[in-house]
1. Report the calculated FRET efficiency for L102 and A73 (r = Cβ-Cβ distance, R0 = 25 Å), to the nearest 0.05.
2. Treat each spin label as a single point 7 Å out from the Cα along the C-beta direction, and report the A89 to R179 distance in nm.
3. Convert 4 °C to kelvin, take the viscosity as 1.567 mPa s, use the Kirkwood radius over C-alpha pairs of region 157-205 as Rh, and evaluate the Stokes-Einstein diffusion coefficient in µm²/s, rounded to a whole number.
4. So if each residue of separation counts as 0.36 nm, and I subtract the Cα-Cα distance between A145 and V29, what length gain in nm does that give?
5. Can you give the net charge of the other residues whose Cβ lies under 12 Å from the Cβ of V196, counting K and R as +1 and D and E as -1?
6. Ranking Y98, Y60 by Cβ neighbours within 10 Å, fewest first, what do you get?
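No lab work stands behind these numbers, since they all come straight from the coordinates. Since the model is a prediction, treat every value here as computed from it, not as a measurement. Cβ sites come from the backbone with ideal geometry, for glycine too, and all protein chains shown count toward neighbours.
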Amino acid sequence: MDTRDVIRLLGEISLVDDRVVKTDELEQVAQVRLWAAALRDVPLAFAGEAVGQHYAESAYPVMPKDIAARWRATARDRMQRHAERRAPAVDPDDVDGYVLALRADRAAVVTGAEPPAPVRALVAGVGRAVEAAPANPGYLATKAAMFPKRERPAGPPELAVRCPTCGADAGRPCRTLARGRTMGNTHPDRQRDYAVAAADAPAQASA
Ligand SMILES: [Zn+2]
């Protein structure tokens, strides 16, 4: 809401409650400025509804904080029900543009211009339907033939030995020394240890 919206809202309020709007002209200017600052994020239509709800529940003159509190509760509720339904139609490499587009999407939900997107509820419905479908034996047999479990690669062979650099146990991935993050590859000394062990005992290393 800007000052023009506030003047319009105060005009409507004065029709139902003559205690709210100041009568002195200087006080009116200060009042409009205060309301506009307090309700800057609140759309005029929402403020009008909030005033109606206030007088449905309260005998006291409406104050900006009454409207702002209803707005905060509504915005929070909308965002809790909102899941990002799609990536913005902006080049993801254009970081600033992407963030702006995301923010615009969320602002549209908060202000009520767009309804919240209940993606989680839709996905839950899809999941039930998939679970109910019976497993197709032909598909399972084909999958087993194409991807035999034993032939699935189990990571680099040097995982069979302990890593002397980061101390990862056999079968565990290497971790970076600085931050302890799991590595996609292994430390060179572990590869060397494995090569030595495999050369010494080829039968055991392949087991
Ligand atoms: Zn390591």
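1. Numbers: r = 23 Å, r/R0 = 0.93.
Result of the calculation: an efficiency of 0.60.
2. 3.6 nm
3. Numbers: Rh = 10.8 Å.
For the chosen part, D equals 120 µm²/s.
4. Details: separation 116, 0.36 × 116 = 41.76 nm, distance 8.06 nm.
My answer for the length gained is 33.7 nm.
5. Details: positive: R190, R192; negative: E158, D189, D193, D200.
Neighbourhood net charge equals -2.
6. Details: Y98 15, Y60 11.
Ascending Cβ contact count within 10 Å gives the list Y60, Y98.
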